[in-house]
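Q: The structure follows.
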Amino acid sequence: MTEKLTKDVPYNAKVTLSSGHAGSGWCMKVLSPALSKSIRDAGAMFYESGKPTESYGMGGSIPFLSELGDMYPESEIVAFGVLGPDSNAHGPNEMIHIDYSRRLTMALAHIIQSVAN
């Protein structure tokens, strides 16, 4: 990567590279059937897409989640986020979709209540 960025730089520009902070990656464990069901039920209750709730990995990882997993290895850690229509995560015009945020808050309350029983 260093060679690609520093070789034949146009307009005699000066390119300086330095190492930055790199956090540990995190991979979510397979969830218990009870938590998986609670998440699916909450998705069906509070989102009107008509599609079953799914999960997927996106972008980089959040190093804090890896640290939590190391501290509490028996815990089930789930990361939720709001990327509704027209969201632009981490962009200069980043916004939070109010309706998706409201639905996520209700879904999280349902999930917490259902697994607390």
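No lab work stands behind these numbers, since they all come straight from the coordinates. Keep in mind that this is a model prediction, so the values were computed, not measured. FYI the Cβ positions are ideal-geometry reconstructions off the backbone, even for glycines, and counts take in every protein chain you see.
Q: In whole Hz and in residue order, list the ³J(HN,Hα) couplings for the stretch 91-98 that follow from phi through the Karplus curve 6.51 cos²θ - 1.76 cosθ + 1.60, θ = phi - 60°; x for Gly and Pro.
A: Working through the residues one at a time gives x, x, 10, 4, 9, 10, 6, 4 Hz.
Q: What does the charge dipole of the chain about its Cα centre add up to, to the nearest 20 debye, if the Cβ of each Lys and Arg holds +1 and the Cβ of each Asp and Glu holds -1?
A: 140
Q: Give a residue-ordered list of calculated ³J(HN,Hα) values for the stretch 4-17 (Karplus: 6.51 cos²θ - 1.76 cosθ + 1.60, θ = phi - 60°; whole Hz; x for Gly, Pro).
A: 4, 7, 10, 8, 6, 6, x, 6, 6, 5, 9, 10, 10, 10
Q: Toward the positive end of the charge dipole of the chain, about the Cα centre and with charges on Cβ (Lys, Arg +1; Asp, Glu -1), which of Gly20, Ala79, Thr2 goes farthest?
A: Ranked along the dipole, the leading option is Thr2.
Q: Could you give each residue of the stretch 62-73 its phi-based ³J(HN,Hα) in whole Hz, using Karplus coefficients 6.51, -1.76, 1.60 with θ = phi - 60°, and x for Gly or Pro?
A: 10, x, 4, 5, 5, 5, 4, x, 5, 6, 10, x
Q: Inverting the mean 1/r over all pairs of different Cα atoms, compute the Kirkwood radius of the chain and quote it in Å.
A: 17.7
Q: Further question on the same structure: Mind putting a number on the dipole of the stretch 1-70 about its Cα centre? Charges go on the C-beta only, +1 for Lys and Arg and -1 for Asp and Glu, and I need it in Debye to the nearest 20.
A: The dipole of the stretch 1-70 has a size of about 120 debye.
Q: Can you list residues whose amide H is under 5 Å from Trp26's amide H, if they're 5+ apart or on another chain and H is modeled 1.01 Å from N?
A: Under 5 Å from the amide H of Trp26 lie the amide H atoms of Ile62, each far enough along the sequence or on another chain.
Q: Any idea what the relative contact order of the chain is, in percent, if you count C-alpha pairs under 8 Å spaced at least 6 apart? Can you show the working numbers first?
A: Working: 79 pairs, mean separation 33.3, N = 117.
Relative contact order, the chain: 28 percent.
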